[in-house]
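To keep things clear, I will list the structure first and then write my remarks on it.
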Amino acid sequence: MANNRTGRRIFLVFLAMFILLIVSGTSILFLSTGVMEWAKQSAKLFVRTVHPLGKIRSVTQTVKSTIKKVDAYSLSALSPPKFPGSMVEKNDGVISWIDPTSARIPPSEHPGHFSSATKDNTKPYIISGLRGETASFQLVLRSDDPVKDLDVEIHPDQSDPNVSCLSIHRFLEWYEPIGKNQEPDPLIPFHDPYQSGRVVVGKVSLKSSSDQPVWIDIHFSRLCPAHNFRATLLVKKDGRTIRSTTLAISVLNATLPRQVGLDRWMQFYAGRFWHGESPPNDEAYRMLFYRYVKLGHDYGFATNDVDNIGPGVHFDWNTGKALSTDWSHYDYMLGPILSGQVTGSTPNAWALPIRTGMLGVGMWGGFTIHEGTSSPIEKWKGIPDTAAQELARVITEHWKEKGWPLKNAFAYAFDEPEHQLFYYQDIYKLVADTADSLHKGSHNQIRFMLTDAPYAWDRKQPGHHKSLMKGKVDIWSPNSETFMPDRMAKVQTIGERTWFYQSGPPFIGASDLYSTGVGFRMWFWAAWKYRTNGVFYWADDFWPDNTMAVNPYTNPGTGDGIIFYPGHQLHLIGFPDIDGPVPSIRMAQWRRGYDDYKYFFMLAKKGRREEVDKTVNHLVHKALDDGDYFPYWYNPLWHKPGAWSHNPKDWHDTRIKMAKEIESLYGQSLPKN
């Protein structure tokens with residue numbers, strides 16, 4: 001009888017699973033990996049529900065829970081994407097093709113591995129975009145044998161009177177050692193962008209049976225007419241042309257907006273910068289740093305240091321009053337950035353020179369000015385409160401005097417305070433009090449940003465008193481794995497803003513050197529999907545060292561916190577140094593994602609918000625901690641790819657469709673020519 005009952009229970013479980021699959025419309029097209037995950041979940045379901053020593057759980061409830069998990073798997077368990085390249089050619093032993101995506105290309109990728117490789121080269125390669133946009137593609141070169149001294153050239157049709165509105169730049173993709181693999185990231189410019197006519201990459205060499213991509217940017221000026229341009233892409237070997245491809249470049253009749261209300265900021269480390277670039281003095285530092293800020297701006301983000309460049313404020317630590325303030329060094333170093341002189345506009349986000357150390361408060365808790373060691377908050381006699389108000393006052397007055405906008409600035413005084421709970425139980429009270437003091441001293445003009453969520457996200461963390469911070473934090477920026485969209489949306493209803501930062505799949509696209517596919521690009525799709533107010537990446541220049549053995553080109557670690565590369569370390573990998581930053585593929589992915597976000601904004605302004613949401617949801621099924629898994633590692637995709645398309649070609653094709661839709665809404669289509 002017991003065996004019969006068990007058999008009936010098994011039958012009922014699988015019958016219920018089958019019925020709920022049909023009713024819920026859950027996709028059953030998740031083959032290969034998806035089937036394995038289904039089998040695992042079914043086995044767990046059987047053990048939990050039918051185990052003879054355990055209680056029988058509600059079959060319907062259990063199956064619904066399982067289907068919810070499997071539905072998340074169904075999107076992530078995709079078959080490997082098809083070869084994204086096209087226009088494959090083989091001439092004189094060199095194989096070449098064009099990849100339209102912004103994905104990093106592994107050195108082993110080969111069109112011969114893919115049956116879908118396109119070999120029809122009679123048509124031109126089409127590149128299109130809006131005014132103010134940068135369209136990119138990759139030319140990939142490969143040979144079975146080593147090849148030296150290839151030339152890669154692009155020649156626009158100079159007879160076109162409008163051709164000067166195009167800016168075309170070539171970059172050699174440098175492969176870095178990542179574990180046992182090689183991944184490209186630094187984009188080494190063919191010509192020095194800071195010294196006219198100076199060559200950095202003269203020739204392209206190929207290793208045996210290994211890819212060598214060349215990244216190509218085509219920027220369309222905001223002054224470009226809606227127009228069809230022509231250019232020729234050439235690959236030469238020993239002076240002989242072995243590939244000639246016509247590029248059909250279409251500037252569409254619409255212009256990208258400059259700002260769309262999304263905050264984008266990365267933390268800069270002045271100390272790492274000094275060590276990595278080794279500027280000889282403040283003036284050299286200043287001019288070099290401006291080039292980093294300008295390049296970051298061009299790629300879609302603002303950046304500045306939090307800890308190392310600030311005013312000289314002298315406090316009376318018996319009262320907390322500011323006795324004197326010296327802004328001369330701060331203004332000299334950073335004033336041209338804040339005024340918009342460096343980039344043409346003021347920063348979209350800016351971390352104010354406010355640090356807990358300036359207030360006599362140790363980062364790990366405690367007021368240390370008088371006693372030298374952390375002391376209970378009750379003994380502070382209000383001195384940090386007064387000092388914080390004083391600091392807010394002098395900052396607000398100085399910003400007003402200089403005419404710098406304070407609305408985009410924020411205080412980043414505490415970082416991930418949840419980790420400090422183990423050392424200092426009063427940390428949330430300290431955060432709340434500091435935020436309150438800064439608000440009072442600035443008459444609520446200074447915004448307070450915190451890298452934490454307004455709710456507990458780990459049962460094991462002691463001292464969760466986050467209610468103390470209610471109404472005190474202006475910008476909540478938890479990492480993506482603890483960002484619960486439904487709960488974060490609630491703080492937006494009371495005027496607080498929400499950002500997120502990195503943690504990797506399955507919560508957000510990977511931002512380190514282990515990332516594959518769309519990477520940073522999908523961050524902006526997630527930002528649109530969940531209506532966040534900003535994205536934050538820590539950090540952009542956290543370089544390891546500047547020696548032959550340890551430098552970001554040959555020993556980058558995971559690459560987390562590094563997307564700029566130091567121009568003065570190029571000699572370590574055999575190229576001449578440049579007096580400015582070297583960009584990266586991840587920066588280009590960020591730029592592409594931000595431009596995608598601008599597409600969403602433009603379409604929504606023309607009444608297409610619902611269509612945009614459907615487009616985003618089609619490629620991004622879920623991200624962040626959508627599902628409110630508590631703690632976050634209960635997410636069924638833990639240690640698996642995220643629930644979004646991992647085929648970069650899907651994202652590229654979708655962009656092309658959106659661009660055409662934007663042109664139809666904002667301007668007239670181009671005549672064929």
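The values are calculated or read from the model by the stated rules, or taken from the named source; none is laboratory data. Here the structure is a predicted model, which is why all the values come from computation and not from measurement. We place every Cβ from the backbone using ideal geometry, glycine too, and count neighbours over all the protein chains shown.
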Review point. Which ranges mark the strands (runs of 3 or more DSSP E) fully within the range 154-272 that have 2 or more residues being under 30 Å from Glu663 (Cα atoms)?
Key: 166-178, 212-220, 227-237, 240-255, 263-268
Exercise for review: Would you be able to say whether some residue in the range 308-322 is at pLDDT 95 or above, surrounded by fewer than 18 Cβ atoms within 10 Å (Cβ to Cβ), more than 30 Å from the chain's Cα centre (by Cα) and among the β-branched types (Val, Ile, Thr)?
Suggested key: no
Check your understanding: Of the residues that sit in the range 554-574 and are of a type outside the set (A, V, I, L, M) and surrounded by fewer than 21 Cβ atoms within 10 Å (Cβ to Cβ), which one is nearest to Pro280 (Cα to Cα)?
Key -> His568
Exercise for review: Select from the range 211-240 the residues that are among the hydrophobic types (A, V, I, L, M, F, W, C), under 29 Å from the mean Cα position of the chain (by Cα) and over 28 Å from Val94 (Cα atoms) and list them in ascending order.
Suggested key: Phe220, Leu223, Cys224
